[in-house]
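Asks: Take this structure, written in C-alpha cells, and hold onto it; I'll ask about it next.
The values are calculated or read from the model by the stated rules, or taken from the named source; none is laboratory data. Quick caveat, the model's predicted, so the values are computed rather than measured. Cβ placement follows ideal geometry from the backbone for every residue including glycine, while neighbour counts extend to all protein chains displayed.
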Amino acid sequence: MSTVEQRSAAVARRREIGEVVLAVENVELRFGGVTALADVSFDVRRGEIRAIIGPNGAGKSSMLNVINGFYQPQQGTIVWKGRRLRRMRPHFAAKSGIARTFQNIALFRGMTTLDNIMTGRILKMRASLLEQAVYFGRARREELEHRAFVEKIIDFLEIQHIRTTPVGKLPYGLQKRVELARALAMEPELLLLDEPMAGMNLEEKEDMVRFILDVNEEFGTTVILIEHDMGVVMDISDRVVVLDHGRLLADGTPDEVSRDPRVIEAYLGVVHD
Amino acid sequence: MIYRETGQFKTSYAADQAVLRLREDRIGLAVILLLAYVAIPLLASEYWLSTIMLPFLIYALAALGLNILTGYAGQLSLGTGGFMATGAFAAYKLATAFPGLDFVVVLILSGAITAAVGVLFGLPSLRIKGFYLAVATLAAQFFLLWLYNKIPWFTNYSASGVISAPTRTALGIPVTGFEASVTAKYLFVLIVVTLLSLAAKNMTRLEVGRSWMAIRDMDIAAEIIGIRPLTAKLTAFAVSSFYCGIAGALWAFSHTGAVEALAFDIGVSFRVLFMIIIGGLGTILGNYLGAAFIVLLPIFLNNALLGLGMQEAVAMASHLEAMIMGALIVFFLIVEPHGLARLWQIGKEKLRKWPFPY
C-alpha cells in the first residue's frame, strides 16, 4: 500500500482533533550571541499530527528541546495541558506524558531491545529496592505486568525477532523502531519525533509512516514531527509549522504552507522560468 | 547440540523472566553449588579453605559491589578499599559495642553504614564523570584510611593500631575470630556471597538495574524517559558500598582476623578494579571469574614455578610470577576486551551448534 492510499484510509477513519493541548508562546532561545529561536509561537491540538519543517539550522530540534525541557528559553511560555510554564523540565515532561525520539538515535546500546523498551515503563514502577533485590511481591507483579504491556508494543511495531538482541548490534532502521517503541512504552499523550525517517530507504520509510499513523489513530497520540521528506510531511500531517533561521515563517495546513510564496522561496525552492 | 534452548518452551512471562531459563544452566548451577557447599568443605584442606577459597569469595563480593557501580551504572570508582575499610571498622565498632549482637545483624548494619558513606562520596558524581570522578573517589580512599588510622576511637584506643577481630556467632554458631572453625567461616561467607549474588542478579535485571544501565549508556535519553540521574547514581553508590562494606567486614572478621586500615590500601582498590575489567564489566559471572583469575592464578603460577625446580630462587619465582601475571592480563584484554564472562558467552554460542560449525 502506498502512503497515499494509507492516507485516504486514515482519512476515512478520521480521528477526533480536539482542543489545543500544547501552545508555545513567543519563545526566544539564544546560545551566547546566536539566536536559535526568535519569538516563535504556535499551538498543537489534541490528536493531530503537527509537522515542523525548515532548512538545516532553522531551530527545529531546538524547538523540541524547549518543549521537553532540555533547553531553557530566555523568553516565552509553554502552555501544556492548561498549565502555563515558564519552562519545562525533562522529568516533569516525562511524567506528564511527553515522550520523544532523537535525530541521532539515543538508545541504551548495551541493553537488549526488550530492556530498552522496558525502561520506558520506569515511571510507572513503584517497587522498592528491597522488593527488587528479592524479586518478590510488587517487584515481581510489576515486572510481569509491564512485560505484558511491552510485548504488545513489540507486536505492534513488529520487532518480536530482535527482542533479546543488544540494540548496538541492530541495523539503523530497526534502532529507530526500537526508539519509537521505547517512547510508546511511556504511553505518551504527546510524541515528539525528531526526523524519524532520516537515512531510511523507501521501504523502511513506508513502515515508519504506517507506524506513526497507527499510533496516532489507535492510541489518539498527538504527534509533533520533524521531517525533511516533503512527500511524507505533506501526506500525513494535519498542520505544518515552517521555521527559518529561528523565525516562524508560516503555519497552516500542508496545502496552505506549500503555496506560501515565502516558504517556496526559503525552503522548497523557486521555479525559474 | 548439548546446550540449546530447542524444545524448552515458555508459556508465561513469569517463566520467561526466570534467572536461569535453560535446563542446562540450572543443572550447571546446581553442580557448582553442590561443589561449593558439599564437596569443597569435605575435601579441601584447611589451608585451601583459608588461603584460597575465603579470599576468592570475599574478593568476588567486593568485585560484585564495584561492578554494580562501574559496570552497571558506569561510575568509575577507585574508592573500593576505603569502603571495605569502612565496613570492617563499622563491624568492629558494632561487634565490640554490642557483644551479644548476632554477626548477621552486625554485617547488615555495617553494610548500611558503608552505604551511607558511599552516598556521601558519590555526591560529586552528579557533576563530574569518568576519570575526574575516579580521582574524586580516590580522595575517598585516602581520606577514609587516614581517618581510621588517625582517630583512636575507631580502634577502641588500641596502642598498636592492629586489633584482632573478636569471635562472634551467627545463629549460635561461631563464624569469626579464632574460636570459629575454618569450615564454619567458609560456609558462612559462602552463604552471604550466594545470597548477595542472587540479590545483585535480581536488582540488575529489574527496574533499578535498567535505570543504572540507562544512565551508563546514555544519560540524556535516560532523563527524557523520566529517570532521575541523582536517584539512579546515588542508589548505585549505596548498593555498591553496601556490598563493599560487607566484603570488608568479612575480610577482617572471617579471613584475616585482624582489623587494620592498611589491609585496605589503594592496592586493594586496583585489584578489585582489575577483577571486574578482566572478569567482565556489567556481568555477575565476571566477578567470580575475575576474582578467580587474580586470586588463584598467582598461587597456581607460584606452585608451578616451584614445581619446575626453581626452589633455590624463590625471589626469582616471585618476579617471574609478577611478569607472567602482567603479561596474561594484557593478553586477555587484547583477546577479549569484554572480559572472561564474554568468553563464556561465546563458548555457550559455540556449544549450541556443536558439533556443527553453524
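Asks: In segment A:258-269, what count of residues is obtained for those that are without any contact (Cβ under 8 Å) to a residue 24 or more places away in the chain and under 23 Å from A:Asp39 (Cα atoms)?
Replies: Qualifying residue count for the region: 6.
Asks: If you don't mind, there's one more thing I want to ask. Does any residue of segment A:161-175 turn out to be assigned to a loop (DSSP other than H, G, I, E, B), touching a residue at least 24 places away in the same chain (Cβ under 8 Å) and polar (S, T, N, Q)?
Replies: yes
Asks: How many residues are part of a helix (DSSP H, G or I) and either more than 12 Å from chain B (Cβ to nearest Cβ) or hydroxyl-bearing (Ser, Thr, Tyr) (or both) when one looks only at segment A:56-98?
Replies: Residues that pass the stated criteria total 5.
Asks: Here is a further query. Looking at A:Phe211 and the list (1) within 19 Å of A:Met63 (Cβ to Cβ); (2) within 20 Å of the chain's Cα centre (by Cα); (3) not hydroxyl-bearing (Ser, Thr, Tyr), which single condition is not satisfied?
Replies: The failed condition is (1).
Asks: Here is a further query. Need the failing condition index for B:Ala97 against (1) touching a residue at least 12 places away in the same chain (Cβ under 8 Å); (2) out of contact with any strand residue (DSSP E or B) (no Cβ under 7 Å at 6 or more places or on another chain), just the number.
Replies: (1)
Asks: Every residue in segment A:157-168 that is loosely packed, with under 15 Cβ neighbours inside 10 Å and more than 19 Å from A:Phe102 (Cβ to Cβ), please.
Replies: A:Glu158, A:Gln160, A:His161, A:Thr164
Asks: Write out, first by first residue and then by second, each pair whose Cβ atoms fall under 6 Å of each other, whose residues are 6+ apart or on separate chains, and whose first residue, in segment A:229-251, is touching a residue at least 60 places away in the same chain (Cβ under 8 Å) while the second is basic (Lys, Arg).
Replies: Note: pairs meeting the criteria are A:Asp235/A:Arg7; A:Arg239/A:Arg50; A:Leu243/A:Lys60; A:Leu249/A:Arg262.
Asks: Right, something else. Check A:Gly110 against each of (1) more than 19 Å from A:Leu225 (Cβ to Cβ); (2) in contact (Cβ under 8 Å) with a residue 12 or more places away in the chain; (3) more than 10 Å from chain B (Cβ to nearest Cβ) and name the one condition it does not meet.
Replies: It is condition (3) that A:Gly110 fails.
Asks: Anything in segment A:120-129 that is over 14 Å from B:Met203 (Cα atoms), surrounded by 22 or more Cβ atoms within 10 Å (Cβ to Cβ) and within 7 Å of chain B (Cβ to nearest Cβ)? List them, or say none.
Replies: Result: A:Gly120, single match.
Asks: Can you tell me which of (1) under 17 Å from A:Leu193 (Cα atoms); (2) surrounded by 15 or more Cβ atoms within 10 Å (Cβ to Cβ); (3) assigned by TED's automatic domain parsing to the domain that holds A:Arg30 is the one A:Val79 doesn't meet?
Replies: That leaves (1) as the condition not met.
Asks: Being surrounded by 13 or more Cβ atoms within 10 Å (Cβ to Cβ) and either farther than 22 Å from B:Ile40 by Cα or at pLDDT 80 or above (or both) is the filter here; which residues of segment B:159-173 pass it?
Replies: Answer for segment B:159-173, where residues must be surrounded by 13 or more Cβ atoms within 10 Å (Cβ to Cβ) and either farther than 22 Å from B:Ile40 by Cα or at pLDDT 80 or above (or both): B:Gly161, B:Val162, B:Ile163, B:Ser164, B:Ala165, B:Pro166, B:Thr167, B:Arg168, B:Thr169.
Asks: Further question: Quick check on segment B:165-182. Is at least one of its residues without any contact (Cβ under 8 Å) to a residue 60 or more places away in the chain, within 11 Å of chain A (Cβ to nearest Cβ) and not in a helix (DSSP H, G or I)?
Replies: Checking segment B:165-182: not a single residue is without any contact (Cβ under 8 Å) to a residue 60 or more places away in the chain, within 11 Å of chain A (Cβ to nearest Cβ) and not in a helix (DSSP H, G or I).
Asks: I would also like to ask the following. Got a sec? Which of A:Leu190, A:Leu213, A:Leu157, A:Leu144 is touching a residue at least 40 places away in the same chain (Cβ under 8 Å), within 14 Å of another protein chain (Cβ to nearest Cβ) and among the hydrophobic types (A, V, I, L, M, F, W, C)?
Replies: The conditions single out A:Leu190.
Asks: When you go through A:Phe102, A:Phe108 one by one, which is the residue that is out of contact with any strand residue (DSSP E or B) (no Cβ under 9 Å at 6 or more places or on another chain), closer than 25 Å to A:Phe211 by Cβ and of a type in the set (Phe, Trp, Tyr)?
Replies: It is A:Phe108.
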